[in-house]
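Some notes on the structure that comes next.
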C-alpha cells in the first residue's frame with residue numbers, strides 16, 4: 001500500500017501480506033506481485049518489493065531512468081543469461097533494454113528513477 005507523504009518511516013517485510021497483482025504497466029502480469037513502498041505512479045519513480053512466482057518473467061522493457069534492485073531471496077536470470085542471487089545489487093543505466101525470469105521464484109527490492117517503456 002502506498003505511504004502518504006506525512007509518514008517519516010516505513011517498515012515493510014517481504015512476507016506475503018500487502019502484495020497485490022503487479023499492474024504497474026496498466027495490465028496484470030501473470031506470476032508477478034508487488035508491494036509499493038514509496039512509489040509515484042505519475043513519474044514512475046520510487047521503490048517497491050516485487051515477487052516472481054516460480055517460472056514468472058517480466059515483460060521486455062526499456063529504462064527511462066536508472067533502475068536498481070537487490071535480490072532478497074531466490075534467483076533471477078536476465079535476458080543475457082546472467083544469474084543474480086541473494087544479496088546481489090544490480091544497477092541498469094537509462095536506455096537499457098532487458099527482461100528477467102525467475103525459474104524457482106524470487107523477491108527483489110526495486111528502486112526506480114524514471115518510467116520504463118514496455119517493448120513489444
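Are any of the residues in region 34-43 surrounded by fewer than 17 Cβ atoms within 10 Å (Cβ to Cβ), at pLDDT 95 or above and assigned to a loop (DSSP other than H, G, I, E, B)?
There is no residue in region 34-43 that is surrounded by fewer than 17 Cβ atoms within 10 Å (Cβ to Cβ), at pLDDT 95 or above and assigned to a loop (DSSP other than H, G, I, E, B).
Of the conditions (1) part of a strand (DSSP E or B); (2) over 21 Å from residue 21 (Cβ atoms), residue 80 satisfies every one except a single condition; which number is it?
Only one criterion is unmet by residue 80, namely (1).
Restricting to region 79-104, and then to whatever is within 13 Å of the chain's Cα centre (by Cα) and in contact (Cβ under 8 Å) with a residue 40 or more places away in the chain, can you tell me which residue is surrounded by the most Cβ atoms within 10 Å (Cβ to Cβ)?
The extreme case among them is 102.
Is it the case that residue 76 is out of contact with any helix residue (DSSP H, G or I) (no Cβ under 8 Å at 6 or more places or on another chain), modelled with pLDDT of 95 or more and under 17 Å from residue 118 (Cα atoms)?
On the way: out of contact with any helix residue (DSSP H, G or I) (no Cβ under 8 Å at 6 or more places or on another chain): yes; modelled with pLDDT of 95 or more: yes; under 17 Å from residue 118 (Cα atoms): no.
No.
Taking residue 29 and the conditions (1) part of a loop (DSSP other than H, G, I, E, B); (2) at pLDDT 95 or above; (3) surrounded by 15 or more Cβ atoms within 10 Å (Cβ to Cβ), which numbered condition does it fall short on, given that it satisfies the others?
(2)
Yes or no: residue 75 touching a residue at least 12 places away in the same chain (Cβ under 8 Å), crowded, with 17+ Cβ neighbours inside 10 Å and within 30 Å of residue 8 (Cα to Cα)? Before the answer, list the steps.
Working: touching a residue at least 12 places away in the same chain (Cβ under 8 Å): yes; crowded, with 17+ Cβ neighbours inside 10 Å: yes; within 30 Å of residue 8 (Cα to Cα): no.
No.
Is it the case, given these coordinates, that residue 65 is at pLDDT below 95, closer than 20 Å to residue 120 by Cβ and in a loop (DSSP other than H, G, I, E, B)?
Values: at pLDDT below 95: yes; closer than 20 Å to residue 120 by Cβ: no; in a loop (DSSP other than H, G, I, E, B): yes.
Judged against the criteria, residue 65 is not a match.
Sort out which residues of region 86-98 are touching a strand residue (DSSP E or B) at 6+ places or on another chain (Cβ under 6 Å) and assigned to a loop (DSSP other than H, G, I, E, B), and write them in order of number.
Residues of region 86-98 touching a strand residue (DSSP E or B) at 6+ places or on another chain (Cβ under 6 Å): 86, 88-92, 94, 96-98.
If the condition is that a residue be touching a strand residue (DSSP E or B) at 6+ places or on another chain (Cβ under 6 Å) and assigned to a loop (DSSP other than H, G, I, E, B), then 86, 88, 94, 96 are the ones that fit.
Considering every residue within region 51-63, establish whether at least one is over 18 Å from residue 22 (Cα atoms) and surrounded by 15 or more Cβ atoms within 10 Å (Cβ to Cβ). Write out each step before concluding.
Applying the first criterion (over 18 Å from residue 22 (Cα atoms)) to region 51-63 yields none.
Among the residues of region 51-63, not one is over 18 Å from residue 22 (Cα atoms) and surrounded by 15 or more Cβ atoms within 10 Å (Cβ to Cβ), which makes the answer no.
Tell me, yes or no, whether region 108-115 has at least one residue that is farther than 17 Å from residue 38 by Cβ and either touching a strand residue (DSSP E or B) at 6+ places or on another chain (Cβ under 8 Å) or surrounded by fewer than 13 Cβ atoms within 10 Å (Cβ to Cβ) (or both).
Looking only at region 108-115, we keep the residues that are farther than 17 Å from residue 38 by Cβ, and these are none.
No, there is no match, as no residue in region 108-115 is farther than 17 Å from residue 38 by Cβ and either touching a strand residue (DSSP E or B) at 6+ places or on another chain (Cβ under 8 Å) or surrounded by fewer than 13 Cβ atoms within 10 Å (Cβ to Cβ) (or both).
The values are calculated or read from the model by the stated rules, or taken from the named source; none is laboratory data. Note that the coordinates shown come from a computational prediction; the quantities given were computed from them, not determined experimentally. With ideal geometry, Cβ positions are generated from the backbone for all residues, glycine too; neighbour counts draw on all protein chains shown.
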